[in-house]
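Here's the structure we're looking at; comments come further down.
The values are calculated or read from the model by the stated rules, or taken from the named source; none is laboratory data. The structure displayed is predicted, hence computed values, not measured ones. Here the Cβ is made from the backbone with ideal geometry for all residues, glycine too, and neighbour counts use every protein chain on show.
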Amino acid sequence: MSRIHHDGPLVIGGGLAGLSVALEAGPRPVLVVTPAPLLQASSSAWAQGGMAAALSFSDTPGLHAADTRDAGAGLVEPEAVRLLTEDGRATVEWLAALGAPFDRDADGDFAVSLEAAHSRARVARVGGDGAGRAILSALVTSVRAAPHVTVWEDARLRGLIQDASGRVRGALIERTGGRQVEVLAPAVVLATGGAGGLFARTTTPAALLGEGLALAWKAGAEIVDPEFVQFHPTAMDVGLDPMPLATEALRGEGARLIDRHGDYLLGPEADADLKPRDIVARAVHLAVVEGRGAFLDARIAIGEHFPTEFPAVFAACMRAGIDPRVSPIPVAPAAHYHMGGIAAGPDGHTTLAGLYAVGECASTGVHGANRLASNSLLEAASFGRRTGRAAATETVHDGPVIVPPALADMPTEALARLRVVMSDDVGVVRDETGLTRALAAMADLETETPDALPLLTARLIAASAMARHESRGGHYRSDYPDTLPEPVHTRLVKPVEVPMAAE
């Protein structure tokens, strides 16, 4: 075991949020740690749709904010939404200045597309469906050229280092070969991504298991609304794990959801398939479980233009033996985004001194119970920049620290069982019977793999889903289908434990 003292923010995660933090924290030295090379195993790089922002003459930040509030089903924080939407254009322009090649119209302005639950076309795209990778690539190039940023691309977070007051003072990092390093830093920024890998049916990298959230919980940080998981309605059902995503922009261009008989899943109206994602996901789920099947039909809306307008989806279809120009794409709902997370403000501050959270692992109040499509990339970059500036102001603290024991990975077979339980019983449609079964299965797994971080996050999600006796946003209880009149957040804080002796 070795210990280093770093005089600047320690950023855990190399996605859009983490790299935005790193760039904006300069000239303060920044250490970024990520378990895989940049651009790999990051949800940001997999995002197809684009970045939502009020960019056209017919749009305003106020309209964007109103759509965000409506999608969030009563649980968004108005001030956080205002900050996010008012920063939309500036964030897109910042990324463009770094080299993100957003699509442009004939006049040179940002080209925008319509996605579900948006009242205006406001999604800035890259190459049709390549926004995430293109945007993140521009940030990676900037980070590698930034003299104030150091990146470890073989490093995993194993624990948060605190002092006797509870302040986070650093992190326990494991590098190649199991070598453990204690990194003490004035600020630790968690940008560890979501928890989609906890589900057997997911569109996200399988390595995203909510471990940052679990460690924040263990350290005493507040967790908000972990039960709210968004299931994307059009994951390609072609036997792959993770499931390739068929971007919502396809439906924005007129593609329709049908069953195997050719009947519309949500009705014949032209905009029927552009309802909020939770409604569409349940319709697709019902068609699948009833044996009617669910398919995304883009033969007329996209047709021969598929290879040029949506090259990533087209390539994924062709690899699966489907030509979307002549055949509908089989789809099913899959875990896609975690609205809940570590309670954090727009500048990343959590309830623990010295600890920041940003991106999908954070709950900043901008998504509420149901994320508006393409708001996540905007939040990651906009609030990532804010968080970088805030974390850079933290000063070094001296004195003894408490180093936790490093926790082992969850065994592969146990994790596979957990993922099936989560998709089957904590998925698109929930009820008391299924949630009881899930929690019992997790209790059994706990005896086999005590203190496993993925299991802890899964239990927070399932227990909170059990406790919410209503349906709201992405959380649907078939035994409690109504929405309660008063929206209430789930707020969880781990009971305080007597700390080990500081060293």
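The sole residue among VAL76, VAL92, VAL32, VAL81 that is part of a strand (DSSP E or B), hydrophobic (A, V, I, L, M, F, W, C) and in contact with a helix residue (DSSP H, G or I) (Cβ under 9 Å, 6 or more places away or on another chain) is VAL32.
Residues that are more than 18 Å from the chain's Cα centre (by Cα) number at least 1 in the following strands (runs of 3 or more DSSP E) confined to the range 289-379: 295-297, 329-338, 355-357.
Could we say that ALA121 is assigned by TED's automatic domain parsing to the domain that holds GLY62, modelled with pLDDT under 95, assigned to a loop (DSSP other than H, G, I, E, B) and within 24 Å of GLU93 (Cα to Cα) here? For ALA121, the condition - assigned by TED's automatic domain parsing to the domain that holds GLY62, modelled with pLDDT under 95, assigned to a loop (DSSP other than H, G, I, E, B) and within 24 Å of GLU93 (Cα to Cα) - is met. Looking at ASP70, ASP107, ASP103, ASP87, just one residue is within 26 Å of VAL143 (Cα to Cα) and either among the basic types (Lys, Arg) or modelled with pLDDT under 95 (or both), and that residue is ASP103.
Remark: pairs (first residue in the range 294-316, closer than 16 Å to GLY254 by Cβ; second residue outside any helix (DSSP H, G or I) and of a type in the set (Phe, Trp, Tyr); Cβ separation under 8 Å; 6+ apart in sequence or on different chains) = ILE302/PHE310. Applying the condition of being outside any loop (DSSP other than H, G, I, E, B) and touching an Asp or Glu at 6+ places or on another chain (Cβ under 9 Å) to the range 225-243 and asking which residue is nearest to GLY321 (Cα to Cα) yields THR234. Taken over the range 237-252, the criterion of being surrounded by 24 or more Cβ atoms within 10 Å (Cβ to Cβ) and touching a Leu at 6+ places or on another chain (Cβ under 9 Å) is satisfied by ALA246, GLU248, ALA249, LEU250, ARG251.
Residues of the range 362-391 being in contact with a Leu (Cβ under 7 Å, 6 or more places away or on another chain) and either among the aliphatic types (A, V, I, L, M) or modelled with pLDDT under 95 (or both), which ones? VAL366, ALA369, LEU377, LEU378, ALA380, ALA381, listed by residue number. Against the test of being in the same structural domain as GLY159 (by TED's automatic domain parsing), surrounded by fewer than 24 Cβ atoms within 10 Å (Cβ to Cβ) and aliphatic (A, V, I, L, M), the options ALA22, ALA80 yield a single qualifying residue, ALA80.
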